[in-house]
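Just below is one structure, and these are the notes that go with it.
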Amino acid sequence: MSQIQDPEKNQNHKKKGGGFSRRGFMQGVGVTGAVAPALIPEQAEAQTAAGVVGPGAVPVTLTLNGKPVKVNIEPRETLLDVLRNHLDMTGAKRVCDRGTCGACSVLVGGKVMYACSMLAIDAQGKQITTIEGFAMTAGKPHPVVTAFVNHDAQQCGYCTPGFVVASKAFLDSHPNPTYEQVKDGLGGNLCRCGTYVGIRKAVLEAAKTMKGGANA
């Protein structure tokens, strides 16, 4: 285990011509107590020019809302970054950016995925569906969208696209859910405004509209 150096000694070293200062010590010590080397700007620029920072952009083909799209992206970019920054698909929202709130929910291979927690390159060869891909069909809103409006199931709106995507996926596999099933089925999405009751009622109404659900 590395030993944490005494800041006073480091201060003394500075006075004697050494390379440490109290401020430098405090900035350089990490969680483990090791002193992290700092890059001067010239070194950072040299590493960037040498390609040390990353491999750079690579060509990728994604199947987005039923159509193939080609984009040059860095392998480190998340699906959310690519959708929003490269493909102008801004329905999926960046809120927690930690894979916990569901505001960035999209469908990948028919399953709900947090786009902020998935690399875009891992979505190659899979069907990616965002809210833009089904919210309006033939000029008409999807039944889930209509039901959300009818039950005022949105306030600030940040969570709404993710909830609509998750609700559609849930109803595709549970065409006639109960209220408790809806509550459990949408447990992966959070609404900071607290419109859960309206959201659940909207899903029940959409079930009735879509496939004859009897629990609305």
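Coordinate-derived values only; no laboratory data. What you are looking at is a predicted structure, and each value in this text was computed from that prediction instead of being measured. Cβ placement follows ideal geometry from the backbone for every residue including glycine, while neighbour counts extend to all protein chains displayed.
By average Cβ neighbour count within 10 Å, what is the ranking of 99-108, 141-150 from highest down?
So the order, starting with the most tightly packed, is 99-108, 141-150.
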Seminar exercise, completed: Here the range 125-130 yields Karplus 3J(HN,Hα) values (6.51, -1.76, 1.60; θ = phi - 60°; whole Hz; Gly and Pro given as x) of x, 10, 6, 10, 10, 9
Exercise. Hey, with R₀ at 30 Å, roughly what FRET efficiency would Tyr179 and Lys67 work out to, going by the Cβ-Cβ distance, to 0.05?
Worked result: 0.25
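By the scheme Lys and Arg +1, Asp and Glu -1, what is the net charge of all other residues having a beta-carbon under 13 Å from that of Asp152?
Details: positive: Arg200, Lys201; negative: Glu205.
Computed value for this residue: +1.
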Exercise. How large is Rg/Rh for the range 84-206, to two decimals, with Cα atoms and a Kirkwood Rh?
Worked result: 0.94
Exercise. Restricting attention to the alpha-carbon atoms of the range 136-211, what are Rg (one decimal) and Dmax (integer), both in Å?
Worked result: 11.2, 32
